1. Count neighbours as other Cβ atoms within 10 Å of each site's Cβ, and list the GluC sites (Glu not before Pro) in the stretch 43-122 that are DSSP loop with at most 16 such neighbours.
2. So which GluC sites (Glu not before Pro) in the stretch 182-278 are both in a DSSP loop and have at most 14 other Cβ atoms within 10 Å of their Cβ?
3. Quick one: dipole size for the stretch 244-366, taken about the Cα centre, charges +1 on Lys/Arg Cβ and -1 on Asp/Glu Cβ, in debye to the nearest 20.
4. Across bins of 10 angstrom width beginning at 0, how are the C-alpha pair distances of the stretch 15-121 distributed, in whole percent?
5. For the stretch 22-230, what is the charge dipole size about the Cα centre, in debye to the nearest 20, if Lys and Arg each add +1 at the Cβ and Asp and Glu each add -1 at the Cβ?
6. Count the DSSP beta bridges whose two residues both fall in the stretch 22-230, then state the antiparallel fraction as a percent rounded to the nearest 5.
7. Put +1 on the Cβ of each Lys and Arg and -1 on the Cβ of each Asp and Glu in the stretch 22-230; which of VAL218, THR88, PRO191 then has its Cα farthest toward the positive end of the dipole?
8. On a C-alpha basis, how far is the centre of the stretch 312-358 from the centre of the stretch 384-413 in Å? Whole number, if you could?
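Read-outs throughout are calculated quantities, based only on the coordinates presented, and are distinct from any laboratory measurement. What you see is a predicted model; the values in this text were computed from it and never measured. No Cβ is skipped: glycine too gets one built from the backbone with ideal geometry, and neighbour counts run over all protein chains shown.
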Amino acid sequence: MSTVFFAPSGRLRGTVAAPPDKSISHRAALIGAMCSEPVRIDNYLRAADTLSTLGALRAVGALVEEHADGHVVIRPAGLREAREPEDTIDVGNAGTLMRLLPGWLAAQDGRTFGLDGDSSIRRRPVDRVAVPLELMGARIDATDGRFPPFTVHGARLRAITYEMPVASAQVKSCVLLAGVGADGTTTVVEPVASRDHTERMLTRAGAAVVRGGLTVSVTCTDELDAESLRVPGDPSSAAFLVAAGVLVKRSRLVVRDVGVNWTRAGFFRILERMGAIVVGDLEEPSASVAVDEPVSDLDVTAGPLVGTVVEPEEVPLAIDELSLVALLGCYAEGETVVRGADELRLKESDRIAGVVEGLRGLGATIEATPDGFAVTGAGARGLRGGTIDAHGDHRMAMLGAVAGLASREGVEVVGMDAAAVSYPGFEADLAALGA
């Protein structure tokens, strides 16, 4: 576990490319393995989580070629032909993999798959994917009924209509992946919209996907064929660079090739509402399912920040960036409140507790609430600095780094190596911008 000190920074200037999107890399590899013909994936993220996905696919019979220029070729196992592995599948620290992979495996009639991961994964529940999969006919045997390690017993699945009690793109994706291999048309009803990468990618691969409002359906198919996919830059990773550009005085930076899918751009819209200037071609909400992922450069400059309220319907569109909203709130005038973010307690760490404890230790006035937090801003004075423990959470590590650059005294981040889970080049990119 590494400890890194981030000193207060002079202005950040320059242009940097966003790293490949983690969520889309997971999905591209998984759907590629479900296809009938080889799939080329360009700009695949090479980070701990997404490498776990490639390892899992190899374990169930897919052949994976990793090329030096950044592309990956998946020679698939097939929609219903995944091989029963010799050993337990290791998902590492990848929560997305843990919750999406069972959707495909549940449709492997008569085969059994064990899944396990690191100590953090063993604290993350899987009951929310187990419930719909069992309604479809599979069986999930989990530790204490809801935790890894767990076993997926594949079956011939039947289509269902599933009303999700909590908005979750991971649970929705799991059900849709199972629905591709189930008899009939499977429908998922969300309480509020969540990221739609799986729907787009399944459509591109030839599945019949229909969206109407908060309802999305997929119909059983004999095969998928995606041919080639390209992973855009990750808006969740780019958000940390953008936040640094907003918080470090007199900064001006451009982040290139950022995915601006409307179901992922919530943070940038919140940031604009708080007074920052983010110039980019953000996608507007649409009732239909698009095939491609929109991409834009983001030109970032600071402005005087004001507090804001993030309502529950906004949370799924900015779920991975809400810790940054808390940090920005420390530098805003007035109060910043996030509501309806219970999901944060189920991330790599209890991210609500981690953010509140971590920022309070740096001088913030912040309180936890049952479903979020409230920050009383100090304006341009912001945070003093100090030490923050990432607790093995990649986003907490990067939060501490950005806080250090914007603080008066600097921040020591304990466990900075956790950032490699999603953004191995984070420190190098900050240095390239002048941090």
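1. Within the stretch 43-122, the qualifying GluC sites (Glu not before Pro) (loop, at most 16 other Cβ atoms within 10 Å) are GLU81, GLU86.
2. Loop-located and lightly packed - GLU227.
3. The calculation lands at about 600 debye.
4. P(r) for the stretch 15-121, in whole percents per bin: 16, 50, 29, 5, 1, 0.
5. The calculated dipole for the stretch 22-230 is roughly 480 debye.
6. If I count the DSSP bridges inside the stretch 22-230, around 75 percent turn out antiparallel.
7. PRO191
8. 15
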